[in-house]
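**Q** The structure that follows is given in the form of structure tokens.
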Amino acid sequence: MARFWIQYAVIKGAAFSAFYNGSGEELEKAAKEMSEWLKILEEQGLGDKKFFGGESINLVDISYGALGYWFAALEEAKGVKVLEPSTFPRLYAWAKNFVELPVVKENIPAYDKMLAYVTGSMKRLAKN
């Protein structure tokens, strides 16, 4: 089952790219599409588990790890929230649990640095 959910991320990655690259109507459309696939991920992939692997992480958690820490900075830079606790309570809780794992927490950059990186990369992309 892990392979299925990892492949699901690969297939749905186009919406993530559209969210990153989009603005205006494109961004709204990408946010809606992401919400749709995140709903499926939350309901059918994560379910009621703490992690995709149950009580401990597995490859699925690692493959979706960017949702846990990087995506929040992207949402802030774009000014559009998708992964909200009111909309995706279990997935939001998973993201918080994931970034609190010592092995993750010790290896991700500080949020302000990540936000600066995302904002800078979006500006560079806009120039091209």
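**Q** Starting from residues that are closer than 14 Å to Ala72 by Cβ and of a type in the set (Ser, Thr, Tyr), keep the ones in the stretch 99-128 and report whichever is most open to solvent (accessible area, probe 1.4 Å). Lay out the reasoning, then the answer.
**A** Quick first cut of the stretch 99-128, residues closer than 14 Å to Ala72 by Cβ only: 99-100, 104, 108-119.
Then drop every residue that is not of a type in the set (Ser, Thr, Tyr), which leaves 111, 117, 119.
Details: Tyr111: 94, Tyr117: 135, Thr119: 46 Å².
It comes out as Tyr117.
**Q** Looking only at the stretch 1-34, how many residues end up being farther than 21 Å from Val118 by Cα and open to solvent by less than 70 Å² (accessible area, probe 1.4 Å)?
**A** 4
**Q** Still on this structure: Just give me the residues in the stretch 68-88 being under 15 Å from Ala18 (Cα atoms) and open to solvent by less than 70 Å² (accessible area, probe 1.4 Å), in sequence order.
**A** Start the filter on the stretch 68-88 by keeping residues that are under 15 Å from Ala18 (Cα atoms), which leaves 71, 74-75, 77-82.
Within the stretch 68-88, Phe71, Leu74, Glu75, Ala77, Lys78, Gly79, Val80, Val82 meet the criteria.
**Q** Restricting to helices (runs of 4 or more DSSP H) lying wholly in the stretch 23-128: which have 2 or more residues that are touching a residue at least 24 places away in the same chain (Cβ under 8 Å)? Write out each step before concluding.
**A** Details: elements: 24-40, 59-63, 65-78, 89-100, 102-105, 111-127.
Where helices (runs of 4 or more DSSP H) fall fully within the stretch 23-128 and carry at least 2 residues being touching a residue at least 24 places away in the same chain (Cβ under 8 Å), they are 24-40, 59-63, 65-78, 89-100, 111-127.
**Q** Something else now. Could you identify the single residue in Ile57, Ile11, Ile6 that is β-branched (Val, Ile, Thr) and in contact with a strand residue (DSSP E or B) (Cβ under 7 Å, 6 or more places away or on another chain)?
**A** Values: Ile11 fails: in contact with a strand residue (DSSP E or B) (Cβ under 7 Å, 6 or more places away or on another chain); Ile6 fails: in contact with a strand residue (DSSP E or B) (Cβ under 7 Å, 6 or more places away or on another chain).
Result of the check over Ile57, Ile11, Ile6: Ile57.
The values are calculated or read from the model by the stated rules, or taken from the named source; none is laboratory data. Nothing here was measured: the structure is a model prediction, and the numbers come from that model. Cβ sites come from the backbone with ideal geometry, for glycine too, and all protein chains shown count toward neighbours. Accessible surface areas use protein heavy atoms only, side chains included; no ligands, DNA or RNA. Shrake-Rupley method; radii C 1.70, N 1.55, O 1.52, S 1.80 Å.
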